[in-house]
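Working notes, beginning with the structure itself.
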Amino acid sequence: MTRVGLVVNPVAGLGGRVGLGGTDGPERARLALSLGSRPLAGVRAAAALAELALRTGELAGAGLARVAPGVRVGGTVDAPPGSPRPLVVTAAGPLGADSAAVAGLPARVVYAAGGGRDASGVETSGVETSAADTAAAVRAVVAEGVDLLLFAGGDGTARDVLAALGDAPCPVLGVPTGVKMHSAVFAVSPRAAGEVAAAWLNRKGAVRLRDAEVMDRDEDALAEGRVTSRLFGWLPVPDLPVRVQQRKTGSTATAPEAVGGIAAEVAERVGDGLLALGPGSTTRAVAAALGADVSLTGVDVLRLRPGAAPDVVARDATEDTLLTLGPAWIALSPIGGQGFLLGRGNQQVSPRVLRASGGRAHLLVVCTEQKLAALGGRPLLLDTGDDALDAELAGHVRVITGRRRTSLYRLAM
């Protein structure tokens, strides 16, 4: 019997669309919720498991187990008698309150945050979850003897998984649900996570494991104006090229003439209008060349006027702020080493914002030739959470690399 473990961090990604840059610590999670953020970790875990179920031939509707503070547990569901290669997904809390993360798969709950349930299986305490819950869930799942541990979260969750596994790690794979996700232990999207998990379970031996870096943002470097990552260790991950992401590489100095050329090209295209700049060293350098000081990790909005210095209309804008300001040109630069254009660190530029701004027609991709070449031909990546929008945006896109200079480059889901 193949056994898959699942751990979902319910607060992962809460800070993205409300511009908090992450959700480490209970205070930030509470703030994100107060600003109107909605938990998406369970939804993204569900997408991964749906793809896994599809690719492993499991019977749909075999059972539902769901656990979270105040949410009824569906109960223990065994594999249907006579089903081929029954797959048991051991769901470990904490799951988001809107999660149906193990729908359609035989499942058994082995850990729930808080642990207080009455005889009918209803969670009795509305506790907040923590890193200790993640560690306890990981240990409980691994004790079941799983063939693969899936965890839904971000870099902080990956660090918790690494610490909980200690010196005896089992194969793991991250379902990307956080904000930053600089680590190389994540699939490029939730559905890709299901694809990779199925490949590993179905073709062991044909799919090798590789030691992948667990990274997190270096806060000391950020205070000095640099976006770079710190290495915390390695975890064994099924290696399926293109479907598992690379680690983020540190920002490098960019030639002033290259950035100045990019800025001039952007200004000409925008003309008299609003420009939303995504996070990162490249976009910050572009803003400086235009005459504006913007944040390094947030989404800022400038008002451009030909022949005049730009005005900063909004700093660290949230999804709601971007929607309120109205249609704008959106300038984004891919993450170094990974190639992500959307879905990593810039969730404020949500599917709603992209559609309201005109989609591909008003999306400006900016990147130095050096940074683009460092991808080694790997595509730029999309993971907005909206498959239909990702499909619309996918294809070849013109990347602004200087004044009157563009490169045609592939943009993929």
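Summary of values
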| item | result |
| --- | --- |
| Cα Rg, Dmax, region 1-54, angstrom units | 13.6, 44 |
| Surrounding net charge for Val18, when Lys and Arg each add one and Asp and Glu each subtract one, Cβ distance under 9 Å | -1 |
| With DNA, RNA and ligands ignored, accessible area of Phe340 (1.4 Å probe; Å², nearest 10) | 0 Å² |
| Protection-proxy order for peptides 49-56, 332-339, 357-364, 371-378, each taking the mean of Cβ atoms within 10 Å per residue, highest first | 332-339, 49-56, 357-364, 371-378 |
| Surrounding net charge for Gly358, when Lys and Arg each add one and Asp and Glu each subtract one, Cβ distance under 14 Å | +3 |
| Environment charge of Pro169, counting only residues whose C-beta is closer than 14 Å and scoring Lys/Arg +1, Asp/Glu -1 | -2 |
| Burial ranking of peptide ranges 179-187, 317-325, 7-15 (average Cβ count within 10 Å, highest at the top) | 7-15, 179-187, 317-325 |
| Accessible carbon and sulfur surface of region 255-412 relative to its total accessible area, %, 1.4 Å | 51 percent |
| Theoretical gain in end-to-end length, Glu219 to Asp167 [0.36 nm per residue, Cα-Cα removed] | 16.0 nm |
| Convex hull volume of region 276-413 per residue (C-alpha atoms, cubic angstrom) | 100 Å³ |
| Accessible area, probe 1.4 Å, largest first, for residues Asp216, Asp24, Asp147 | Asp24, Asp147, Asp216 |
| Surface accessible to a 1.4 Å probe, Arg44 within the full protein complex, Å² | 40 Å² |
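The values are calculated or read from the model by the stated rules, or taken from the named source; none is laboratory data. All of these numbers come straight from a predicted model, not from anything done at the bench. We place every Cβ from the backbone using ideal geometry, glycine too, and count neighbours over all the protein chains shown. Accessible surface is based on the protein model in full, side chains and every heavy atom, while ligands, DNA and RNA are left aside. Shrake-Rupley method; radii C 1.70, N 1.55, O 1.52, S 1.80 Å.
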